[in-house]
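Here's the structure, in structure tokens; my notes come after.
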Amino acid sequence: MAELESLETAAEHERILREIESTDTACIGPTLRSVYDGEEHGRFMEKLEARIRNHDREIEKMCNFHYQGFVDSITELLKVRGEAQKLKNQVTDTNRKLQNEGKELIIAMEELKQCRLQQRNISATVDKLTLCLPVLEMYSKLREQMKSKRHYPALKTLEHLEHTYLPQVSHYRFCKIMVDNIPKLREEIKEVSMSDLKDFLESIRKHSDKIGETAMKQAQQQRNLDNIVSQHPRISGGKKSKREFCTSSDLEVKNTSPMSEQDSGILDVEDEDEDEEVPGAQDLVDFSPVYRCLHIYSVLGARETFESYYRKQRRKQARLVLQPPSNMHETLDGYRKYFNQIVGFFVVEDHILHTTQGLVNRAYLDELWEMALSKTIAALRTHSSYCSDPSLVLDLKNLIVLFADTLQGYGFPVNQLFDMLLEIQDQYSETLLKKWSGVFRNILDSDNYSPIPVSNEELYKKIVGQFPFQDAELEKQPFPKKFPFSEFVPKVYNQIKEFIYACLKFSEDLHLSSTEVDDMIRKSTNLLLTRTLSNCLQNVIKRKNVGLTELVQIIINTTHLEKSCKFLEEFITNITNVLPETVHTTKLYGTTTFKDARHAAEEEIYTNLNQKIDQFLQLADYDWMALEPGSRASDYLVDLIGFLRSTFAVFTHLPGQVDVHSTMSGKVAQTACMSACKHLSTSLLQLLLEAEVRQLTLGALQQFNLDVEECER
């Protein structure tokens, strides 16, 4: 058993020794460890020593075998050492000679090296300068553009500089300074362009008046051209005028109306200037600051900010423009300047609308126009109410029409302005009524209330031409002869026609139909007859100093004026071309007016007679206690009857009265006689029944009876 274990141990030691011999030194650790882990360490060491001794013997045998060759090799090496020393000396000598010979070459090479280095540096510098010079040139160009206030090109240059040139040389310090200055330059461009915009806004605010005046001149020229075309349809090839209300009768009215001269040339455009081309808004205003600023802000990404600022400022300016001066109503120039400023404002905005994309839009402009329209209408209502001159109101109407036509030409709705003109028409009618009230008063006050005498055919035809009067009997009478009416009849008739002309003047260019014009004229004429003329006649009739002869003449005059109403109807029909049979045509109430005046005159006659009777009765001095009556009627009664006889003679023997007038005078005389007799009898009875009369004698009663009998006779 012990021998078996000894054999295994010996085999293991042999294996370890082989591993030690064949294994790399770095990996021998695990092998040695297995030796020390075992218990046969001493025996292994003995084996190891024995193996070492075997290897030593083998090495010694090998060395002994090769020793002679080793000696021979050493001998050869010694010989080679000598030759090597010689070679070394030769190489050293050659090297020294080479060094001495190469010094100049080294110096030349150093110089060449420096030249090549300088050449590379110069080439690199040129390359860098080639990159930097465009940057500097662009920056210089930028400064020059900003100095010359070419801000939009400057902004474009700045964009190129920032995105194209600076990135190529961004590592240079001067470029970093430029990059840092770019936001400041942009801000400077924004501020300068905004300053230009503010100057522009201030400029157009000051020049809105001139711009509006120019636009309204253009509209006036267009209207004149339309009128020329409408008056020469053959030449114009059958084109129609824009205005519906322009007939041949209207042209007659324009030539014959007393107010036609006041209506010529709202804008005072002289004839020689009408052929010249009127400049437009773009010719009067330089819009480039707006365009530049808009482009600059668009490029800078702040377009919305610019749009908001522009619209806000223009709204403020609109509010200023729409505030009328406090004395605007005093002259037409005040209204004209007000309209010019409004037109100028919207002409500019319309131009901006059509020349920029989105700076202003139609919704914004419509909103501004709605505000302007409401404020303008309110201002016109207020200020026109102060105007008492019909000529100024008519000129104002023409100016408003031109104002409306001008803005309508730019696409703004103006229907509300024409609706407001209908309101002003009512005011115009009132001012006309006031004016004609004074005219009628002057005519009635200056009239002599005597029939008009004519001494020849010329005068006769002149009166007949002024007033529609036909009387075959009067025509047969020889000259001199007299018309039955006084001078105020043709004068009043002509003034009524003048009033109708004035009303027609206002209706021109209002885009009204003939029926509407006819209705407007008839209503205004009815007011003139029923209110103005009626009041004037009533005032004349009620005057204290009016005589019975004047009252009778007024009755005759009003009768003729009443008959002339049908001619006034025909006159209105001729100038409006609306037949009186048309449905809803307003009728003239002149017959009622003159009938009322005539009745008032008759009543005044009766009242005056009764007052005269009362004055005579105040002279009655009855002695109620008289014993004997007088031999004749009382003196006051004789005088009273004489007065009544002469008065009634006036009614029945008025000069120039024929047929209907004699009948009319006789009827008035008859009614007046009955009224006077009734009033006299009542007054005489009242004398007897007075409370102061307490006793009566027979003589007094007989005297009273004589007076009554005198009245009966």
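The values are calculated or read from the model by the stated rules, or taken from the named source; none is laboratory data. Remember, it's a predicted structure, so these values are computed and weren't measured experimentally. For neighbour counting, all protein chains shown are included, and Cβ atoms are generated from backbone atoms with ideal geometry for every residue, glycine included. Just the protein is used for accessible areas: all its heavy atoms, side chains included, with ligands, DNA and RNA removed. Shrake-Rupley method; radii C 1.70, N 1.55, O 1.52, S 1.80 Å.
Using per-residue counts of other Cβ atoms within 10 Å, averaged over each peptide, order 92-100, 342-350, 7-15 from highest down.
Descending mean neighbour count gives 342-350, 7-15, 92-100.
Rounded if a/c is under 1.5, else prolate if a/b is larger than b/c, else oblate: which is the range 21-124, with a ≥ b ≥ c the root eigenvalues of its Cα gyration tensor?
Here the range 21-124 falls in the oblate category.
Can you work out the FRET efficiency for the pair T549 and D333, with r the C-beta to C-beta distance and R0 = 35 Å, to the nearest 0.05?
0.10
F418 to H354: FRET efficiency via 1/(1 + (r/R0)^6), r the Cβ-Cβ distance, R0 25 Å, to the nearest 0.05?
0.45
Rounded to whole Å, give me the distance from the Cα center of the range 134-210 to that of the range 391-458.
Answer, in whole Å: 62.
Given points 7 Å out from each Cα along the Cα-Cβ axis, report the V80 to D283 separation in nanometres with one decimal.
Rounded to a tenth, the inter-label distance reads 11.5 nm.
Carbon-plus-sulfur fraction of the accessible area of the range 43-154, 1.4 Å probe, in percent?
59 percent
Once the Cβ-Cβ distance between Q408 and N494 is put in as r, and R0 is 45 Å, what FRET efficiency do you end up with, to the nearest 0.05?
Plugging the Cβ-Cβ distance into 1/(1 + (r/R0)^6) gives 0.75.
Starting from the amide H of K481, placed 1.01 Å from N in the peptide plane, find each other amide H under 5 Å away whose residue is 5 or more places distant or on another chain.
Placed amide hydrogens put V454 under 5 Å from K481.
Report, in whole Å, the centroid distance computed from the Cα atoms of the range 511-528 and the range 82-127.
Cα centroid of the range 511-528 versus Cα centroid of the range 82-127: 123 Å apart.
Short version: ³J(HN,Hα) in whole Hz for each residue of the range 119-136, in order, from phi by Karplus 6.51 cos²θ - 1.76 cosθ + 1.60 (θ = phi - 60°), x for Gly and Pro, what are they?
4, 5, 5, 5, 4, 5, 5, 4, 4, 5, 5, 4, 7, 7, 4, x, 5, 5
How large is ³J(HN,Hα), in whole Hz, for each residue of the range 328-337 in order, when computed from phi with the Karplus curve 6.51 cos²θ - 1.76 cosθ + 1.60 and θ = phi - 60°, using x for Gly and Pro?
Rounded to whole hertz, the list is 4, 6, 6, 9, 5, 4, x, 5, 4, 5.
Please say if the range 416-555 is rounded, prolate or oblate, where rounded means a/c under 1.5 for a ≥ b ≥ c the square roots of the C-alpha gyration tensor eigenvalues, and otherwise the choice is prolate for a/b larger than b/c and oblate otherwise?
Cα axes put the range 416-555 in the oblate bin.
Amide H to amide H, which residues 5 or more places from D509 or on other chains are under 5 Å from it, using H placed in the peptide plane?
F245
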